1. Suppose we filter ILE494, ILE555, ILE468 for residues that are within 16 Å of the ligand (Cβ to nearest atom), within 25 Å of the chain's Cα centre (by Cα) and over 30 Å from ASN122 (Cα atoms); which single one remains?
2. Would you kindly identify the strands (runs of 3 or more DSSP E) lying entirely within the range 342-457 that contain at least 2 residues that are of a type outside the set (Phe, Trp, Tyr), under 17 Å from ASN478 (Cα atoms) and modelled with pLDDT of 95 or more?
3. Within the bounds of the range 224-241, is there any residue that is modelled with pLDDT under 95 and within 27 Å of GLY14 (Cα to Cα)?
4. Anything in the range 25-78 that is of a type in the set (A, V, I, L, M, F, W, C), within 16 Å of the ligand (Cβ to nearest atom), part of a loop (DSSP other than H, G, I, E, B) and in contact with a Gly (Cβ under 8 Å, 6 or more places away or on another chain)? List them, or say none.
5. Which condition number does LEU265 fail, the rest of (1) within 30 Å of ASN478 (Cα to Cα); (2) aliphatic (A, V, I, L, M); (3) within 15 Å of the ligand (Cβ to nearest atom) being met?
6. Quick one: in the range 159-182, which of the residues that are free of Cβ contacts under 8 Å to residues at least 40 places away in the same chain and not in a helix (DSSP H, G or I) is nearest to the ligand (Cβ to nearest atom)?
Amino acid sequence: MTPIHTDLLIIGSGAGGLSAAVTAAHLGLKVLVTEKDACLGGTSAWSGGWMWIPRNPLAREAGIQEPLDEPLGYLRHELGEQFDEARVRAFLETGPAMVDFFRHHTALQFVDGNAIPDFHGNTPHAGTGGRSVCAAPFDGRRLGAHIWRLRPPLAPTTLWGMGIASGAELRHFLNATRNPRSLAYVSRRVLAHGRDVLLHRRGMRLVNGNGLVAALLRSALDLGVELRTVSPARQLLHNAGKVSGAVLDTPQGPVEVHARCGVVLACGGFPFDAARKQAWLPHAPTGQEHWSAAVPTNTGDGLRMGEAVGAGLHHQMPQAAALAPVSLLPRPDGSQIHFPHLIERAKPGLIAVTRQGQRFTNEADSYHDFMAGLIAATPPGQPVEGWLVCDHAFIRRYGLGAAKPFPMPLGPLLANGYLRRGDTLGALAAACDINAAGLERTVTRYNQQAAEGRDPDFHKGETPYNRIQGEASAPGPNPCMGPIVQAPFYAVRIVAGSLGTFAGLRTNARAQVLDTDGQPIAGLYASGNDMASVMGGRYPSGGITLGPAMTFGFIAAHHTAGQDAPRFTD
Ligand SMILES: Cc1cc2nc3c(=O)[nH]c(=O)nc-3n(C[C@H](O)[C@H](O)[C@H](O)COP(=O)(O)OP(=O)(O)OC[C@H]3O[C@@H](n4cnc5c(N)ncnc54)[C@H](O)[C@@H]3O)c2cc1C
C-alpha cells in the first residue's frame, strides 16, 4: 500500500494517546492515531476517569492552595528510592497547566475531587482533598455517528448499559431505596437512559472514563486528527538512530506511516502479555495467574516495539502493576469478565478472608494495598485467592462485586456459581471450600470489634481515605465497620488482578523514551502505561495512572512540536 505521511503518529487510543493527539493537533501538527481494536478508548474508556493532579485549577478556584512542596513532599516519602525528581517535578508542575489547556481549548471538562483524600493519610504531606479531578459527564450525541467507535463501558459496572458517575451520583443509586430524593434522582436517570436507548439505541450520558475518552475523541475530531481502528502497529521505522514512523497492519494490508515529528507509544502496557507477567509479577509464576481488568488488546506491544529499537525498560520496582482484587464473572459463552472490586470493600459489614477463614488486611485500604496484602498473606507456591464475605443486609444495600443492590436479582449470579451463599457461616464456608471454624471465629471477633468501632488487627477506618470510602451515615462509630449477622451469608472469590501495569519504557521528564544507556531515542515518546510509571511501582493516590497519562501525553506533544510544555510553578 502507498505509504502515509503525517507529522505525528500515536499508537494506541487511550488517555495517554489521545491527550498527546489533541495537544499536538492544537499546536498545529497533522496527527494520526492508530488503534489495534475495533473501538477507541482502551482501558481509559472503562475507567473511573479520575486524574491525580495536585494544585489543579479547580482546587485553586475553590480556595485550596498548596505550595508545590506539599505534593512533592508526599511523593518523596511515598516513592522512596523510586523518587525521580526531574520526572516528578515535570508531572506536578505541568499537570495543572494540562487541566487548564483542556478545559479552555477542548471539549473535555472536569469536576473537582476537592473532598478526596490521598490513600495514605499517615504519610507526611498527604492531602485531604483538592488533588484530583474527574472528567465531567459528556453528552454522547456530540459525537454523532462516531459514538459507535467509542468503547462502551464495561457492562457489569453499568445498570442496563447506563454508566453511574462516581461520587454523589453513585451515592444516590446506593440510597435509592431509603431516601426519596435519591429515588427521584435515580428515577429521572433511568427514564432518561430509557429514552436514549429508544431514540439512539444506547445510553448517551457518558460518565467517568467513558466521558473522558468521548470528550477527547470529540476534541480530536474537531482538530482534524485522523483516527484509525483495527490497525495495530507492528514495528517502528528506525533509521540513522531516529524513529520516523511505524508499520501498521490495516484491514487493507500492511502500510508504512512516516511521521516527521516522531511516534508516541501509548499501547497501555503489558497486562495481557503472559511472558512479561511471568517475568515481572512474582505472584504469576506461569504468567497466567493474574487477571487484569484492563482491555485484552493491551498485550505489551509498545514495550516490544520500543525494546526492538533499543529502549530501556524499568521493572525493578515494588510492584510492576497497579494491583486490584478481581472476581471472575462467567459469561454464557464460557469466557470470564475480570470484575475489579473498587466500591464495596470499605462499606460497613464486609470482611475479606483467606482459605483459612482469616482476615489478612484492612479491607478499606486502596485496591492496590488490599491486593498486596493478599499476596503477602499467601504462602509461596499457593494460588493467590481470597473471599469477600458479607451478610444479607450488606449485599442488598451495597451489592458485592457484580451482584447489584436491591432490587436487582441475585439469582443468576448464584446459578452461575459467581456468588456463594449459605444459611449459616458454616454452610457458606462449605460452599466456598474454606475453613468453617476459622471463618466462624473471624466473624465472631470481627462483630465484637465492629460494635466498638475499632479494628486493632488492621486499623480499618482510621485514615481519611478509609472513611470516605465507608458509609458516612452508618449508625456505628466506625464508617467502615458493621456486624455480619443477618443470614443468609454471601461470598465471592477474588484473585490477583490489576487496573493496568506500572513497569514499562524508561523515559525522561519530556516523555522521550531512553535507550539502555539513558540517552533519548530521537523521535520516540511514550505515554500512559507504556511509560514506566512516574510513581515507580507505588500507589499513593487514586488517579495516579490517568493523571500522569494525560500530563505526559501533553508534555510529549509539546516536545514533538518543538516547544516546552507550560508549567505551573507558583
Ligand atoms: C475499572 C477501572 C477503573 C479505573 N479507574 C481509574 C481511575 O479512575 N483513575 C486512574 O488513574 N486510573 C484508573 N484505572 C486505570 C487506567 O484506566 C489505566 O491505567 C489507563 O487507562 C491506561 O491508559 P493508557 O492510555 O496507557 O492505555 P489504554 O487506555 O488501555 O489504551 C491503550 C490502547 O492501545 C491499544 N493498543 C495496544 N497495542 C496496540 C498496537 N500495537 N497498535 C495500536 N493500538 C494498540 C489498545 O487496544 C488500547 O485501546 C482504572 C482501570 C480500570 C480497569
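The values are calculated or read from the model by the stated rules, or taken from the named source; none is laboratory data. Remember, it's a predicted structure, so these values are computed and weren't measured experimentally. Here the Cβ is made from the backbone with ideal geometry for all residues, glycine too, and neighbour counts use every protein chain on show.
1. None of the other options fit; the residue is ILE555.
2. Ranges flagged: 350-353.
3. No; the residues of the range 224-241 include none that is modelled with pLDDT under 95 and within 27 Å of GLY14 (Cα to Cα).
4. ILE53
5. (1)
6. TRP160
One line per residue, one yes/no per condition, for (1) part of a loop (DSSP other than H, G, I, E, B); (2) buried (at least 21 other Cβ atoms within 10 Å of the Cβ); (3) free of Cβ contacts under 8 Å to residues at least 12 places away in the same chain:
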position: GLY262; (1), (2), (3): no, yes, no
position: GLY268; (1), (2), (3): yes, yes, no
position: GLN278; (1), (2), (3): no, no, yes
position: ALA284; (1), (2), (3): yes, no, no
position: GLY287; (1), (2), (3): yes, no, no
position: GLY302; (1), (2), (3): no, yes, no
position: GLY306; (1), (2), (3): no, yes, no
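Quick grid of which residues meet (1) out of contact with any Asp or Glu (no Cβ under 7 Å at 6 or more places or on another chain); (2) of a type outside the set (A, V, I, L, M, F, W, C); (3) farther than 26 Å from LYS277 by Cα:
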position	(1), (2), (3)
PRO488	no, yes, yes
GLY497	yes, yes, no
PHE502	yes, no, no
ALA511	yes, no, no
LEU524	yes, no, no
ILE544	yes, no, no
ALA549	yes, no, no
PHE552	yes, no, no
